[in-house]
Amino acid sequence: MDRRVLVRGLTRNVVLLGIVSFLTDVSSEMILPILPFFLVHVLLADALILGLIEGLSDTAVSFVKVLSGRWSDFAGKRRAFVAAGYGMSTIMKALFPFARGWPEFLGMRVVERTGKGVRSAPRDALIAESVRAEDRGRAFGFHRSLDTSGAILGPLIALGVLATVGASMALADAYRLVLLLAAIPALASFAVVFLVKEPHRAPSPKSPLRLSFRGAPRSLLAFVAIASLFSVGEVSYAFLLLRVGGTGEGTTVAILLYVMFNVIYAAVAFPAGILSDRIGRKPVILVGYAAYAATAVLFAAAPVLLLLALGFAFYGISYGLVEGTQRALVADLAPPEIKATVLGAYHASIGLVKLASGLTAGFLWVVFAPAATFWFAGVIAGAAAVALLTWRPPPTS
């Protein structure tokens, strides 16, 4: 396998995949901060429809994650699946600006997220297999940091477009222009994938497909259950942005708070990975769960801009601590011969609860009040933190 170290603990493949994710997130994050406003104000969706779109997208892609991870193990290949996934997403992003109603956009969004499903488990397995085990947290943390660095630049580009060229357009046309320009970095990221070297590994023996963690240790199964519980209360970022919109602030303030979230996320993710290599994954993830509970409480308390800004800060801390570290922990506990399959099943388990999460968040928002959505999220995050406290990782050999 390709383990030529460019920087301490980081190989060529890890750096290239970081660049791919950086460019992809420039594209995605040009879209995401304006997406809830585009859906609500242009495509005439409401909060329940927004929850349906985000939840159904994540749930549909979860099945693809299982398949892609398993097929990648069977084929003994990673890069082809990674390239196919990024290619699907790029095509759909190029079509987003031409959606005329939310049902049409829903179909595009599901296919675009399916591309993410095709690439995620093989890419994570490729990262894990391109570094030494003792550097795995560093590698995943580096990847998340570059990913999120793109998420800082993307919203700023969107904001610049809206403030300059978009200022002379109707709001709907300005949103569509941002969506169209977002396809450019997506295409560049797809091209960089072909510079990644395929690790040399034997294909895994073929066996019947089962949506299970067969062969995985019990400690891993217990952790995945806890992570899935946490995801039940992890409401979509779109609801956070809509909460800011409810204060009377415009799109500009919402985008700036979203940028702040990504700045904090990027600053935390890489050090969190290094820290998890040194002190263990569990305490890092636990603090991340607590930070998310704080986010939910602040968003539930009152639609006051200062509290919402503080909530976005805790949101960035939570993501930085949790996202890469959970993946590294799953990779640690997964048997080598089924590593991508287990990573795919992990992504699937998280994704399968997202439809319920999105619909519950939208239902509480529409039927009761926006605060109810976030109180629910806070209670679930607290329950997941308690469950993680009782979880015991397997002893190291």
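Read the figures in this text as sums done on the coordinates, not as results from a lab. None of these values were measured; they are calculated from a predicted model. Because the Cβ atoms are built from the backbone with ideal geometry, glycine has one as well, and the counts that use them run over all protein chains shown.
Just how far, in whole angstrom, is segment 343-397 from segment 142-193 if you go by their alpha carbon centroids?
29
Kindly give Rg over Rh for the chain, based on alpha-carbon atoms, with the Kirkwood expression for the hydrodynamic radius.
On the Cα set of the chain, Rg over Rh gives 0.95.
Based on DSSP H runs of at least 4 residues, each adding -39500 (n - 2.57), what is the mean residue ellipticity at 222 nm of the chain after dividing by all its residues, to the nearest 500 deg cm²/dmol?
Roughly -25000 deg cm²/dmol at 222 nm, from the helical runs in the chain.
Taking the Cβ of Ser231 as the centre, find all other residues whose Cβ is under 11 Å away and add up their charges (Lys, Arg: +1; Asp, Glu: -1).
Net local charge, Ser231 excluded: -1.
Quick check for me: using +1 on Lys/Arg Cβ and -1 on Asp/Glu Cβ, what's the dipole size of segment 1-145 about its Cα centre, in debye to the nearest 20?
Charge dipole of segment 1-145: 660 debye, to the nearest 20.
As an exercise, take the mean of 1/r over every pair of distinct alpha carbons in segment 297-397, invert it, and state the Kirkwood radius in angstroms.
Taking every pair of different Cα atoms in segment 297-397, averaging 1/r and inverting gives 16.0 Å.
Relative to the first principal axis of the alpha-carbon coordinates of the chain, what is the inclination of helix 171-181, with its axis defined by its Cα atoms, in degrees from 0 to 90 and to the nearest 10?
So the inclination is approximately 20 degrees.
Could you please rank Ser168, Ser57, placing first whichever residue has the fewest other Cβ atoms within 10 Å of its Cβ?
Ordered by Cβ neighbours within 10 Å, fewest first: Ser168, Ser57.
Among Ala334, Phe270, Ile350, flag the residue with its Cα farthest along the positive direction of the charge dipole of the chain, charges on Cβ as +1 for Lys/Arg and -1 for Asp/Glu.
Ala334
Once the Cα atoms of helix 339-352 and of the chain are each reduced to a long axis, what angle between those two axes, in degrees from 0 to 90 to the nearest 10, is obtained?
30
Can you give the relative contact order of the chain as a percent, counting alpha carbon pairs under 8 Å and 6+ residues apart?
Relative contact order of the chain: 30 percent.
If one takes the longest principal axis of the Cα atoms in the chain, at what angle in degrees, from 0 to 90 and to the nearest 10, does the Cα axis of helix 47-75 lie?
The angle comes out near 20 degrees.
Could you tell me the distance between the Cα centroids of segment 50-66 and segment 301-336, to the nearest Å?
If you average the Cα positions of each part, the centres end up 20 Å apart.
Ranked by Cβ crowding within 10 angstrom, fewest neighbours first, how are Arg281, Arg123 ordered?
Listed from fewest to most nearby Cβ atoms, that is Arg281, Arg123.
Only loop residues by DSSP count here, and only those with at most 11 other Cβ atoms within 10 Å; note down the trypsin sites (Lys or Arg not before Pro) in segment 28-100 that meet that.
Listed in order of number, the matching sites are Arg100.
Counting every Cα pair in segment 1-148, what percent are over 21 Å apart?
Roughly 49 percent, once rounded to a whole number.
Only four residue types carry charge here, +1 at the Cβ of Lys and Arg and -1 at the Cβ of Asp and Glu. Report the dipole size of the chain about the Cα centre in Debye, rounded to the nearest 20.
Once rounded to the nearest 20, the dipole reads 1340 debye.
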